[in-house]
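**Student:** I am attaching a structure below and will ask some questions about it afterwards.
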Amino acid sequence: FLSSVIGIALGCQPILGFNLGSKRYDRVKETYLTALRYGTIIAIVAFLALQLFPKQIISIFNSGNPLFYEFAAKYIHIYFAMLFLNAIQPITSNFCTAIGKANLGFWMALIRQGILLIPLLLLLPHVLGMNGVLLAGAVSDGVAAMIAIFIARRETKYLNEEAEKLYISAS
């Protein structure tokens, strides 16, 4: 699933860069939003598959132990509760890099797993026990998505302002 989302993010990078260089800010925004749309569709499909069919997916690993199925189904439901948001962060990270904000793109790439997930995996179990481990993924996915949305709104607003300046100077 994530490889598909990253493929979309990387596939749109040349289009983003070319249109940014051509000062076609409308196309930059359109490309970003299209990538986000398709990535989110893939994320929603993966989310639904994992939420609706966890035991069938788990059965691929072929453990006959009912405790394994019980724990794994619970794990999938909780850990991947925010999976439908998982396309936002990598696509926005790549978008930032493509529009010349590589430093921001770098930090966006680290935010979910490096900055959020690892500390949450270390802290939440002390407060919530095993459920803390399970919730760490969902919390980091949700927070990373909120941060990515904030950054994307700010950067698309900047693109709108640049387009407006270009329009005014052309008039």
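**Student:** Could you check how much of the accessible area of the chain is carbon and sulfur, as a whole percent, using a 1.4 Å probe?
**Tutor:** Working: 6750 of 9820 Å².
Exposed carbon and sulfur together represent 69 percent of the surface.
**Student:** Please list, or write none, the aspartates and glutamates whose alpha carbon is within less than 20 Å of the alpha carbon of K74, excluding same-chain residues fewer than 8 places away.
**Tutor:** D141
**Student:** Quick one: grab Rg to one decimal and Dmax as a whole number for region 1-72, Cα atoms only, in Å.
**Tutor:** So, for region 1-72, Rg and Dmax equal 18.7, 59 Å respectively.
**Student:** Still on this structure, please answer the following. Taking just the alpha carbons, could you work out the radius of gyration and Dmax for the chain, both in angstroms?
**Tutor:** 19.1, 72
**Student:** Could you point to the residue in G39, I76, A136 farthest towards the positive end of region 19-152's charge dipole, with +1 and -1 charges on the Cβ of Lys/Arg and Asp/Glu respectively?
**Tutor:** About the Cα centre, the residue reaching furthest to the positive side is G39.
**Student:** Related question: Per residue, what volume in Å³ does the convex hull of the Cα atoms of region 91-170 enclose?
**Tutor:** Working: hull volume 5.8 nm³, N = 80.
That works out to 72 Å³ per residue.
**Student:** Along region 33-40, what does the Karplus equation 6.51 cos²θ - 1.76 cosθ + 1.60 (θ = phi - 60°) give for ³J(HN,Hα), rounded to whole Hz, x for Gly and Pro?
**Tutor:** Using θ = phi - 60°, the values come out as 5, 5, 4, 5, 4, 5, x, 5 Hz.
**Student:** OK, next. Sequence neighbours fewer than 8 away in the same chain don't count; with that in mind, list the lysines whose C-alpha is under 20 Å from K157.
**Tutor:** By straight Cα distance, K157 reaches K23, K29, K101, K165.
**Student:** Tell me the label-point distance for the pair F106, S169, using the 7 Å Cα-to-Cβ offset, in nm and rounded to one decimal.
**Tutor:** Distance between label points: 2.8 nm.
**Student:** OK, next. Given Cα pairs under 8 Å that are at least 6 residues apart, what percent is the relative contact order of the chain? Before the final figure, lay out the partial values.
**Tutor:** Details: 191 pairs, mean separation 43.9, N = 171.
Dividing the mean separation by the residue count of the chain yields 26 percent.
**Student:** Can you give the translational diffusion coefficient of region 24-116 in µm²/s, computed by Stokes-Einstein from the Kirkwood radius over Cα pairs at 10 °C and 1.306 mPa s?
**Tutor:** Details: Rh = 15.2 Å.
Answer from the Stokes-Einstein relation: 104 µm²/s.
**Student:** If you line up the long axis of helix 130-170 against the longest principal axis of the chain, both from Cα atoms, how many degrees apart are they, to the nearest 10?
**Tutor:** Orientation of helix 130-170: about 10 degrees from the principal axis.
The values are calculated or read from the model by the stated rules, or taken from the named source; none is laboratory data. On a predicted model such as this, the values are computed, not experimentally measured, just so you know. FYI the Cβ positions are ideal-geometry reconstructions off the backbone, even for glycines, and counts take in every protein chain you see. When the accessible area is computed, the model is the full protein with side chains, heavy atoms only, and any ligands, DNA or RNA have been set aside. Shrake-Rupley method; radii C 1.70, N 1.55, O 1.52, S 1.80 Å.
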